Amino acid sequence: MTIFRGDAHKIYRRLKKEPKKIRDIKFLNEIQEIRDFYQSVDSDLLKLIYYRMIKEKSGTGMIPVYVAAVPWLLFLFSSQLEHFLFANGSLKWIFFCCIYLVFLTIGLILHFREKAWADFHIEIIQDILKERK
């Protein structure tokens, strides 16, 4: 099943399907622009940018904090929340669970995308610094 192979395999298949148009693919042009910018920066400044990217990658960010804090907050107010959600056989709890799961999913996707972009920039910077040595 190819749908479970991930985005890297989708990119490979797209590149293999149109080998003559590889230079015109939008995401490759974006990568080229980012690399060209970092190549135009002197090595000392590039190292400072690299350190900042490491900080961004290593920082937990606010999204995981919210993901961990919201259940504790709900636990603190569990009796009031229970009365509100389950009063008189209400189905408010279904709506609440759906909203919570949607926000949780969006938060996690955003968090891992941010980490992926930080890794992406770090790799480009490392490659440039290695080339300059």
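The values are calculated or read from the model by the stated rules, or taken from the named source; none is laboratory data. The structure displayed is predicted, hence computed values, not measured ones. Backbone-built Cβ (ideal geometry, glycine too); neighbour counts: all protein chains shown.
Which of the residues spanning region 40-51 are out of contact with any Leu (no Cβ under 9 Å at 6 or more places or on another chain) and part of a helix (DSSP H, G or I)?
If the condition is that a residue be out of contact with any Leu (no Cβ under 9 Å at 6 or more places or on another chain) and part of a helix (DSSP H, G or I), then SER40, ASP44, LEU45, LEU48, ILE49, TYR51 are the ones that fit.
Can you go through ILE99, ILE128 and tell me which one is among the hydrophobic types (A, V, I, L, M, F, W, C), closer than 21 Å to GLU56 by Cα and in a helix (DSSP H, G or I)?
Values: ILE99 fails: closer than 21 Å to GLU56 by Cα.
None of the other options fit; the residue is ILE128.
Looking at (1) more than 17 Å from the chain's Cα centre (by Cα); (2) modelled with pLDDT of 85 or more; (3) closer than 30 Å to ASP127 by Cβ, which one does ARG5 not meet, given that it meets all the others?
Failed condition: (2).
Conditions first: (1) free of Cβ contacts under 8 Å to residues at least 12 places away in the same chain; (2) within 25 Å of ALA8 (Cα to Cα). ALA118 passes all but one, so which condition is the exception?
ALA118 satisfies every listed condition except (1).
Looking at LYS20, is it over 20 Å from HIS111 (Cα atoms), surrounded by fewer than 10 Cβ atoms within 10 Å (Cβ to Cβ), modelled with pLDDT of 80 or more and of a type in the set (Lys, Arg)?
No, not satisfied.
Select from region 65-91 the residues that are touching a helix residue (DSSP H, G or I) at 6+ places or on another chain (Cβ under 8 Å) and either within 24 Å of TRP117 (Cβ to Cβ) or not in a helix (DSSP H, G or I) (or both) and list them in ascending order.
Within region 65-91, TYR66, VAL67 qualify.
So which residues in region 52-64 are surrounded by 11 or more Cβ atoms within 10 Å (Cβ to Cβ), in a helix (DSSP H, G or I) and out of contact with any Gly (no Cβ under 7 Å at 6 or more places or on another chain)?
ARG52, MET53, ILE54, GLU56, LYS57, MET62, PRO64 - these are the residues of region 52-64 that are surrounded by 11 or more Cβ atoms within 10 Å (Cβ to Cβ), in a helix (DSSP H, G or I) and out of contact with any Gly (no Cβ under 7 Å at 6 or more places or on another chain).
Can you tell which of GLU131, GLU56, GLU123 is without any contact (Cβ under 8 Å) to a residue 24 or more places away in the chain, among the acidic types (Asp, Glu) and under 22 Å from ASP7 (Cβ atoms)?
GLU123
At pLDDT below 85 and hydrophobic (A, V, I, L, M, F, W, C): is that true of PHE95 in this structure?
No: the conditions fail for PHE95.
Please tell me if LYS10 is modelled with pLDDT of 80 or more, touching a Lys or Arg at 6+ places or on another chain (Cβ under 9 Å) and part of a helix (DSSP H, G or I).
Working: modelled with pLDDT of 80 or more: yes; touching a Lys or Arg at 6+ places or on another chain (Cβ under 9 Å): no; part of a helix (DSSP H, G or I): yes.
When the stated conditions are applied, LYS10 does not pass them.
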